[in-house]
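Notes for the one structure printed next.
Every read-out reported here was derived from the displayed coordinates using simple, explicitly stated rules and does not represent laboratory data. Given the structure is predicted, the values throughout are model-derived calculations rather than measurements. Cβ sites come from the backbone with ideal geometry, for glycine too, and all protein chains shown count toward neighbours.
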Amino acid sequence: MSVWDLLTQRGQDLLQHVVTRLQFELPAEPAPAAWQEILARNVPLARDLSAPDSDLLLRVARVLLDEVPFEGCRGLEIDDEIRVTIAATAGLLLYRLPYPRFTKLLRVLVYPDTFVPVKAPSRHDVIIAEPDPALGQAWIDGMVVLSWSDILDNAASHPRGGNVILHEMAHILDAEDGRFDGTPLFDDSSQGPGWARILERDFSRQREAVDAGNDGPLRDYAATNHGEFFAVATEAFFCEPLRLRAELPELYDQMQRFFRQDPVAGSSSSCRE
């Protein structure tokens, strides 16, 4: 048995354990009308969703809000505007998947503005943050830290901004197997070898371009490590799908298969020029 087969089996055993333990039922009642207004105002990536998909997204967001505590930092008071904006944006990663994810997510901290991150405990392929102001941070132990002002900036600057929520929540998906390594747990284990090959090839291409002082297919931060490559690629998949498909078509196909959606089919604009 190859190393990949061993890792794949370990990951699938863990995934099956999670699926077996969690009984996943979406709320039967529709989301409050106020939630729909928040979605329309603060989650531009959801504006092209059909009415059934929008409803499904908010039901998934409600599950997340029921399971994960949100805490305000530096005097920020957490209200429905903040909670629904974050949970619905995070739900974009999940709402087509057949069972609950973010199984490692334990807590969400929200600052009113950029913050100086503490050093997150890590043993794997992760660069420990320097003490400079940050927009977001994800810890391997399941904590996500976000800046509310930058979340609002992302919404206001669409289609020119990035998306800090998608970036940090992609790390949480990546961490479900206990590693920040750019490889989430797959519904279909047969996807693993193709993902590993394409991830390594495209990450190497990104790093070589950045090391040479050239533009890579993704923004420069994707060259940091495999985990950051996956998080930046996830932003690109949802925010600038046309560009990602043009620059990295095989990676786009892999992400389309994993997330079970095709943003190109429902998007004519991007989040980053």
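Observations on the structure shown:
- A simple rule links phi to the HN-Hα coupling: the Karplus curve 6.51 cos²θ - 1.76 cosθ + 1.60 with θ = phi - 60°, which for segment 53-69 gives 5, 4, 5, 4, 4, 6, 5, 5, 4, 5, 4, 4, 5, 6, 9, 10, x Hz, with x for Gly and Pro.
- A simple spin-label model places pseudo-atoms 7 Å from Cα toward Cβ; at ALA33 and THR114 they are separated by 4.0 nm.
- Spin-label model distance (nm) - LEU97 vs SER50, 7 Å beyond Cα toward Cβ: 2.3
- The relative contact order of segment 154-273, computed from alpha carbon pairs under 8 Å that lie at least 6 residues apart in sequence, is 33 percent.
- In terms of overall dimensions, segment 146-273 has a Cα radius of gyration and Dmax of 14.1, 41 angstrom.
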